[in-house]
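K.L.:
Structure below; questions to follow.
The values are calculated or read from the model by the stated rules, or taken from the named source; none is laboratory data. Keep in mind it's a predicted model, so treat the numbers as computed, not measured. Every residue, glycine as well, gets a Cβ built from its backbone with ideal geometry; the counts of neighbours run over all protein chains shown. These accessible areas exclude ligands, DNA and RNA; they are computed on the full protein's heavy atoms, side chains included. Shrake-Rupley method; radii C 1.70, N 1.55, O 1.52, S 1.80 Å.
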Amino acid sequence: MSPNEEAITEVFRLARRADHRELRLRLDDDVSWLPASTAKWNPCRTVDDVVRTLLWRAEANRLRPGEMVDLGDRVFVQLRGRRLERLGAKGFVPRLFQIIVLRNGKIVSIQDYGRREEAYAAAGLGS
């Protein structure tokens, strides 16, 4: 597992444990989180918003990383969890994807995608 993948795994682990103090240390001061285009959630623009959303999603949706592809400064993540369709996931078996950007080991931005093709295109990967 790459250092970026380890950092992401640790963030989700801390969220499941509701360790907001340690979680905050893993996030950049300018962190943002944009929901999937089909989701009815507001973007998170502050560290406090991102921490609250991570804690809520870890509890309510049991959100955790599955497949990850390290792309240098960003990581493609397929998420696992419950009721992902509420978060903008699409498909017969709803799946949710994220592109997580890291800088100096801290998360700078998170973008949700309801379809793999959208996330691949945003990451610059071929389908």
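K.L.:
Tell me which residues, restricted to region 105-116, are under 16 Å from L71 (Cα atoms) and open to solvent by 60 Å² or more (accessible area, probe 1.4 Å).
P.N.:
Scanning region 105-116 gives K106, R116.
K.L.:
Still on this model: Being farther than 21 Å from V75 by Cα and small (G, A, S) is the filter here, so list the residues in region 11-38 that pass it.
P.N.:
A18
Let's see how each residue does on (1) touching a Lys or Arg at 6+ places or on another chain (Cβ under 8 Å); (2) small (G, A, S); (3) closer than 18 Å to I8 by Cβ:
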position	(1), (2), (3)
K40	no, no, no
P65	yes, no, yes
D70	no, no, yes
L79	yes, no, yes
Q98	no, no, yes
R103	no, no, yes
G114	yes, yes, no
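K.L.:
Hey, could you check region 1-21 for residues that are among the charged types (D, E, K, R) and open to solvent by less than 70 Å² (accessible area, probe 1.4 Å) and say which is farthest from W56 (Cα to Cα)?
P.N.:
Here the residue is E5.
Listed here are the residues, each with its yes/no results for (1) within 13 Å of the chain's Cα centre (by Cα); (2) under 14 Å from V31 (Cβ atoms).
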residue: R64; (1), (2): yes, no
residue: D70; (1), (2): no, no
residue: L84; (1), (2): yes, no
residue: L87; (1), (2): yes, no
residue: I100; (1), (2): yes, yes
residue: N104; (1), (2): no, yes
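K.L.:
A further question follows. Quick check on region 27-37: of everything there that is touching a Lys or Arg at 6+ places or on another chain (Cβ under 7 Å) and either of a type in the set (S, T, Y) or open to solvent by 20 Å² or more (accessible area, probe 1.4 Å) (or both), which residue is farthest from F97 (Cα to Cα)?
P.N.:
If we take residues in region 27-37 being touching a Lys or Arg at 6+ places or on another chain (Cβ under 7 Å) and either of a type in the set (S, T, Y) or open to solvent by 20 Å² or more (accessible area, probe 1.4 Å) (or both), then D28 is farthest from F97 (Cα to Cα).
K.L.:
Taking L54 as the residue in question, decide whether it is under 20 Å from G91 (Cα atoms) and either crowded, with 20+ Cβ neighbours inside 10 Å or modelled with pLDDT under 90 (or both).
P.N.:
Spelling it out, it is not the case that L54 is under 20 Å from G91 (Cα atoms) and either crowded, with 20+ Cβ neighbours inside 10 Å or modelled with pLDDT under 90 (or both).
K.L.:
Out of the residues in region 69-94 that are at pLDDT 90 or above and within 18 Å of A58 (Cα to Cα), which is most open to solvent (accessible area, probe 1.4 Å)?
P.N.:
Q78
K.L.:
Anything in region 7-23 that is closer than 16 Å to N104 by Cα and of a type in the set (A, V, I, L, M)? List them, or say none.
P.N.:
A7, I8, V11, L23
K.L.:
OK, next. Scan region 113-126 and report the pairs whose first residue is closer than 10 Å to F76 by Cβ and whose second residue is of a type in the set (A, V, I, L, M, F, W, C) and surrounded by fewer than 18 Cβ atoms within 10 Å (Cβ to Cβ), with Cβ atoms within less than 8 Å and a gap of 6+ or a chain change.
P.N.:
Y113/A122; A123/V69; A123/L71; G124/L71; L125/V69; L125/L71
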